[in-house]
Structure formats: C-alpha cells, structure tokens
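The structure appears below as structure tokens.
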Amino acid sequence: MGAAELKDVKDPSDLNLEMGAAEAKDVSDPSNLNLELGGTEVKDVSDVSNLNLGMDKNYIRTLFEDQRRYLDYFFDRLNFSQVEAFTDICVAAQGVIFFSGVGKSGFIAQKISQTLVSTGTRSAFLSPTDALHGDIGIVTAQDILVLFSKSGATDELLRLVPCARAKGAYLVAITSVKSSTLAKLCDMHVYLPLERELCPFNLAPVTSTSIQMLFGDTIVVAIMKAKNLTREEYALNHPAGRIGKRLIFRVEDVMKRGGELPMCREDDLIMDQLVELSAKGLGCLIVVDEHKHLLGTFTDGDLRRSLNSHEEKIFSLTVGQMCHRSPRSISPDAMAVEAMQKMEDPPSPVTFLPVVDENKIDENGVLLIGAFNQSHD
C-alpha cells in the first residue's frame, strides 16, 4: 500500500484504500459502489427495464421462424422406409438396444434410451470411451447398437464399430451425412436430413440435436404402439408417478390411518375441533362413534357455510348438527383410480373419501379404518 501505515483490519471502516484519487467507500451498502466500466456507470439490474441489451426483438422471432423452416426441411425429406426398417428391428430385438454417441449427440442417445426403458423396452446407453475400456463386454450377438453422430465421422464411434462387430451386435448409424464413414461401416443407416444449424456460424449443434430428439422420441412411441403397450403396463414402470399411483396402488396402500385421521364425535362443538380440522391436512373432520363407526363428515367448506348462515351461533353448534350423514366412502381393496373417480363424481367433487371396512357393517354403520385424499394422486 505504498507508504501507508497498516491498520487493524478487523473493522473494515479502518481501511482507506486508494484507487486512483478516490476514497474507498462503505461497501456494506452497495449503493456506495460506483464501478466504472469504460466510463459507464453500472445500472441497477434488478429492474430489467434498465438493461439495454441491444437485442432486436424481430431477430428473435426470425430465429424461431428459421428453426421451424429447418425442421420442415427435415420432415419433408425424411426417408420413411429407413425409419420403418429401423422401427422393425427395434420391435423385433431379442436382446438389448444400446445407444451411443459423443458430446451433444451422446446426451440425446442417453435420453432416448431412458425413454425406451420407461416404456418397457430393454435399452441402455453405452459410452464409447468406456466401451473401449471394458464396457463392451456387456454387448452380445442378440443386441442392437445404435450410434448417433451428426457427421458420421466421430472418432470414438468409428473405433467402437469393429469392437461391437466382433461381439456380433447389429449396428445402426444415425447421421445427417448420407455417405458418411460411419454409415458405410454399419449394417443399417438412417439419414436425418439437415439443411443447416440455426447457429449463425453453422457450427453449434442446435438444429441437428433437435431432429435427433424428434426422431428418437417418435420412434419410441411407434415401438410402444407396435408392442401394444397398455396404460397399466406403462404404469408398472412409473410406480411413484401420478399414473402409477392411480393404476397400481390400492386404496389401502396409500390411505391415511390411525393418528393421521381427523376424527371427532358428533357431540363435539365445532369450534373445539377447528385445530383438528386443519392440522391433519385433509380439510375435513370424520365423525365417528365410540366404536369408530362412520357417522358423517364435516369439511372446511361446511365450516364456511356454517359461519355465513349461523354467524355467532356457530359457537354453540355441534359437529353432529352440521355434518353430512351419508358421505361417499371407499373400501380399502379398491384401486386408487377408482377412488379418484369416485371423488370426482357428481353432484360435486370432494377432496377425500373415508375408507371403510365393508366386511364390518352392523346396525350402527360401517367401521372407519382410514381416509384417501387427493395428495396421494
């Protein structure tokens, strides 16, 4: 710091740093900062209107129109006989359909493989580099190896071809160059027509990867159709998703039970049960007798209507006076999808269903054992 005496820097205010002739300001307040970039004061970027990026809005629209035209070029010139032949070998595959690629094409290959797996077709991504260092051992003569490459001249894939050929795998090249080296070395070639990249330098793979993704995802759907994949079979591969929970799980698998249930007695005062009404997350009270027979339900909607119609008298009302005595219910062995449908039935949808044991019905009603609500969907 030149001849400046060193001060105790525990307190930032002790620092007096000279930057040119300007005295250092308190940097704890960003408003004290006046940074000069070529003489231009930095603007507040929290307000987007302060930014003048010099971007021509018409140019953005033109970009999207150009990309659409390049995609149209792809669709108009795609050889569907090649597409159909590729789909046929995928449907008939006895082994695993491996996908491989390098860089952006590798990401596309991996995504398509994962989508195939999710629809019930055995598939995996094979890294070309790892394959040359041992992973090729997983490939057999019953397998198909699909190689994605825009140019068809990717060194890693070209080195992989003879190794996969020695294993007896069927090789498919997916490129955007008709007479590429990779296309000539493989058993099948699917040409993806590419006019040019949207990139102004025609270098960044932005259009080529788009058509690779379009091609791969469309083939996946064609394979699903050819294999007559059912909604239920698809759900088996997605047990944690919305469809899986509807089509795989039974009500008893996902229902709330025990201490999770917002239960009360019919002679309880409504105002005394407000905490229970909101705490359990069902938006309702389930009214039962001392033996847990279902007597009715009282929802937060019922509470609002009671407040509107009874006003201060609600303080003296019991749950039994205002509850629904014949609520919809569901059995524990019903499918979750059946419960969802029942919740949506006329005259108006509901957000939960009491779950009752239909094998334990007596003159006092049915036994409550749980509750099914929308959060399980």
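Values quoted throughout were computed directly from the atomic coordinates according to the rules given, and no laboratory measurement underlies them. These numbers were taken from a predicted model, which means no experiment stands behind them. Don't worry about glycine lacking a Cβ; one is built from the backbone with ideal geometry, like all the others, and counts go over all protein chains shown.
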Completion exercise
Here, ASP187 and PHE64, labelled 7 Å along Cα→Cβ, have an inter-label distance in nm of 4.4
Practice task
Quick one: what are the phi-derived ³J(HN,Hα) couplings along the range 176-183, Karplus 6.51/-1.76/1.60 with θ = phi - 60°, whole Hz, x for glycine and proline?
Solution key: 10, 10, 4, 9, 6, 4, 4, 4
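Which of LYS256/LYS313; LYS104/LYS178; LYS104/LYS167; LYS111/LYS227; LYS184/LYS225; LYS313/LYS342 have a Cα-Cα distance over 29 Å? Please report the intermediate quantities before stating the final value.
Working: LYS256/LYS313 33 Å; LYS104/LYS178 20 Å; LYS104/LYS167 26 Å; LYS111/LYS227 20 Å; LYS184/LYS225 31 Å; LYS313/LYS342 34 Å.
The pairs that break the limit, which is 29 Å between Cα atoms, are LYS256/LYS313; LYS184/LYS225; LYS313/LYS342.
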Fill in the blank from the handout: Those trypsin sites (Lys or Arg not before Pro) from the range 299-331 that are DSSP loop and have at most 15 other Cβ neighbours within 10 Å turn out to be ARG325, ARG328
Problem - Environment charge of THR119, counting only residues whose C-beta is closer than 14 Å and scoring Lys/Arg +1, Asp/Glu -1 - result: +2
Problem - Inter-label distance for ASP272 and ASP76, nm, one decimal - labels placed 7 Å from Cα along Cα-to-Cβ - result: 7.9
Exercise for the section: Please give the net charge around VAL206, taking every other residue with its beta carbon less than 12 angstrom from that of VAL206, where Lys and Arg add +1 and Asp and Glu add -1. Expected result: +1
Problem - Global form of the range 251-376, assessed from the alpha-carbon gyration tensor, a/c cut-off 1.5 - result: prolate
Completion exercise
Amide H neighbours of ASP268 at under 5 Å, excluding residues fewer than 5 places away on the same chain, with H built from the backbone geometry, are VAL319, GLY320
